[in-house]
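What follows is a single structure, written as structure tokens, with notes after it.
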Amino acid sequence: MTNDREVCVIGAGTAGICAARHSLASGMKTTVFEQTGSVGGTWVYTDSIGKDEFGMDVHSSMYKGLHTNLPKEIMGYPDFPIPKQEKSYIPAEDMLKFLNSYADTFGVTNTVNFYHHVIRIRPYKGKWEVIVKDLRKELVKTLFFDYVVVCNGHYHTPAFANFEGIDTFKGRSVHSHDYRDAMPFKNETVLVIGAGPSGMDLAHEVSKIAEKVILSHHLPEKPKTVFNDNVVQKPDPIGIHDGYYVEFADGTQEYCNVILHCIGYKYSFPFLSVDCGISVDDNYVNPLYKHCINIKYPTMAFIGLPFYVCASQMMDLQTRFVFTYFSGRKELPSKVEMQDDTDAEMEQRWSKGLKKRQAHMMGPDQCKYYTDLAETAGIENLKPVITKLHNESSQRFLDDLLHFRKDVFRIVDDETFIKVN
Ligand code: FAD
């Protein structure tokens, strides 16, 4: 299949290489811009924090020794699984090797312009004007494309906990984005805020050498995990006293000299001009049809925004959804219909009490989203076993953080998995 339309993909992480693969498969001229020198995005470990060699914010949030928090059986792409190996929870280096092998296999690596930072995008005379800087040559170019696929990730712009008196804290404040290993926390009393995957993992890692760890969160139920003896759990922090004493929602106080913020990240698209019509309000990216197509300009798509999902699997489905329309195989509904569809979904979310920051959260309901994408575009859905294993693994993570990565799973058929140890 050939097609003379030109596609610009921003980022060569898990989402970008998938978008480029399907763009190429649709016969479209495909250009990927990647600001670093590698494929793999956040899976590329670096010792650096703060700024990189070009003075840009370090993108990766990877830390030393990280093993996946989901089994490899659901971390591959639907038709390109992670090769067989004894363990299910694999080291970050293996995940990175896998992403490189995917990009090589589908001819994506050759389409990537490395060290190219996208500075600005705006709609211009029916096309997308993309201003990009070649970081090594310090050269700025202006190029034009028919379609833009935004794959810049959403684990790179840290969100910090904000509560009364936080600016009077006299100790050290660190975000999980800048965590590389536990050494800087040796013998410290560390308040870890947030009990998502990073907060839970880092509370445990830090507790191995810290004096004490206070894990503060608002999970409806305390995780069943039995942490080391030097870990205590507290509700949300509500104030700071005398520079170092944190008050919690239950009225208790704890001393700490380091705060490790693990409350997540902000969606950020600094390269989108306001004319693109996309706003981000408390992590609600709006207006998007099915969480991925820009309703104002439906030739722009975003891959990978939803969270609590099987990321690579969902990215592949979203990409096939998007390219069904970009390639002209199917026509999108009108803008009004797309907006009505989105409004109806968001109304349901707000009526359940979800906040804007949960607009793109999927969790146990993720299979409804997958089915919706597949049925709407008439494309193959993800296998139900993927969601089932995701839910099982997420529960095991909460129940037994210290041992869940020893589990080994095998997928038996489209519906069933077994635990083999
Ligand atoms: P990224 O991997 O962040 O890639 C985005 C790419 O875009 C980067 O290469 C970046 O350099 C590039 N870029 C950004 N801006 C520009 C620009 N302006 N111009 C050019 N290039 C640009 N998920 C799981 O499924 N299982 C796990 O076990 C797991 N563990 C994780 C552990 C950590 C510490 C973190 C941070 C995340 C983890 N995730 C995990 C989530 C993981 O981030 C996603 O699964 C997935 O890798 C995200 O891919 P992405 O392509 O959307 O973003």
Options Ile278, Ile259, Ile214: the member that is closer than 30 Å to Gln339 by Cα, of a type in the set (A, V, I, L, M, F, W, C) and touching a Lys or Arg at 6+ places or on another chain (Cβ under 9 Å) | Ile278
Cross-chain or 6+ apart pairs with Cβ under 7 Å, segment 269-288 first and of a type in the set (Gly, Ala, Ser), then assigned to a strand (DSSP E or B) | Ser273/Arg120; Ser273/Ile121; Ser273/Arg122; Gly277/Asn294; Ser279/Asn286
Could you list, in sequence order, all residues of segment 106-130 that are in contact (Cβ under 8 Å) with a residue 40 or more places away in the chain and open to solvent by 20 Å² or more (accessible area, probe 1.4 Å)?
-> Phe106, Gly107, Thr109, Thr111, Asn113, Phe114, Tyr115, His117, Ile119, Arg120, Arg122, Pro123
Within segment 46-56, track down each residue that is assigned to a loop (DSSP other than H, G, I, E, B) and either more than 10 Å from the ligand (Cβ to nearest atom) or touching a strand residue (DSSP E or B) at 6+ places or on another chain (Cβ under 8 Å) (or both).
-> Thr46, Asp47, Ser48, Ile49, Gly50, Glu53, Phe54, Gly55, Met56
Is it the case that segment 83-105 has a residue that's of a type in the set (A, V, I, L, M, F, W, C), open to solvent by less than 50 Å² (accessible area, probe 1.4 Å) and more than 13 Å from the ligand (Cβ to nearest atom)?
-> no
Check whether at least one residue in segment 326-349 is aromatic (Phe, Trp, Tyr) and open to solvent by less than 50 Å² (accessible area, probe 1.4 Å), and report yes or no.
-> yes
The lone exception for Glu34 - which of (1) under 18 Å from Val309 (Cβ atoms); (2) near the ligand (Cβ under 8 Å from one of its atoms); (3) of a type in the set (D, E, K, R) it fails = (1)
May I ask you to list pairs of residues, at least six apart or on different chains, whose Cβ atoms are under 7 Å apart, with the first in segment 340-364 being assigned by TED's automatic domain parsing to the domain that holds Phe307 and the second being open to solvent by 50 Å² or more (accessible area, probe 1.4 Å) and of a type in the set (S, T, N, Q)?
-> Pro364/Asn391
List, please: which pairs have Cβ atoms under 6 Å, are six or more places apart or on different chains, and start with a residue in segment 59-74 that is under 19 Å from Gly153 (Cα atoms) and end with one that is modelled with pLDDT under 95 and near the ligand (Cβ under 8 Å from one of its atoms)?
-> Asn69/Pro197
Report the residue count in segment 244-280 for those that are under 27 Å from Val174 (Cβ atoms), of a type outside the set (S, T, N, Q), away from the ligand (no atom under 16 Å from the Cβ) and open to solvent by 10 Å² or more (accessible area, probe 1.4 Å).
-> 8
Residue pairs meeting the criteria (Cβ under 6 Å; at least 6 apart or on separate chains; first β-branched (Val, Ile, Thr), in segment 183-198; second away from the ligand (no atom under 16 Å from the Cβ) and at pLDDT below 95) = none
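Every residue, every condition in (1) without any contact (Cβ under 8 Å) to a residue 60 or more places away in the chain; (2) farther than 23 Å from Tyr89 by Cβ; (3) in contact with a Phe, Trp or Tyr (Cβ under 8 Å, 6 or more places away or on another chain), yes or no:
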| residue | (1), (2), (3) |
| --- | --- |
| Tyr369 | no, yes, no |
| Glu380 | no, yes, no |
| Pro384 | yes, no, no |
| Leu398 | no, no, no |
| Asp407 | no, no, yes |
Out of the residues in segment 368-406 that are more than 30 Å from His204 (Cα to Cα) and among the basic types (Lys, Arg), state the one that is most open to solvent (accessible area, probe 1.4 Å).
-> Lys368
Single residue of segment 73-116 satisfying the filter (in a loop (DSSP other than H, G, I, E, B) and polar (S, T, N, Q)) that is farthest from the chain's Cα centre (by Cα) = Gln85
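The values are calculated or read from the model by the stated rules, or taken from the named source; none is laboratory data. All values derive from a computational prediction rather than experimental measurement. Ideal geometry is used to build each Cβ from the backbone, glycine not excepted, and the neighbour counts take in all protein chains shown. Heavy atoms of the whole protein, side chains included, go into the accessibility calculation; ligands, DNA and RNA do not. Shrake-Rupley method; radii C 1.70, N 1.55, O 1.52, S 1.80 Å.
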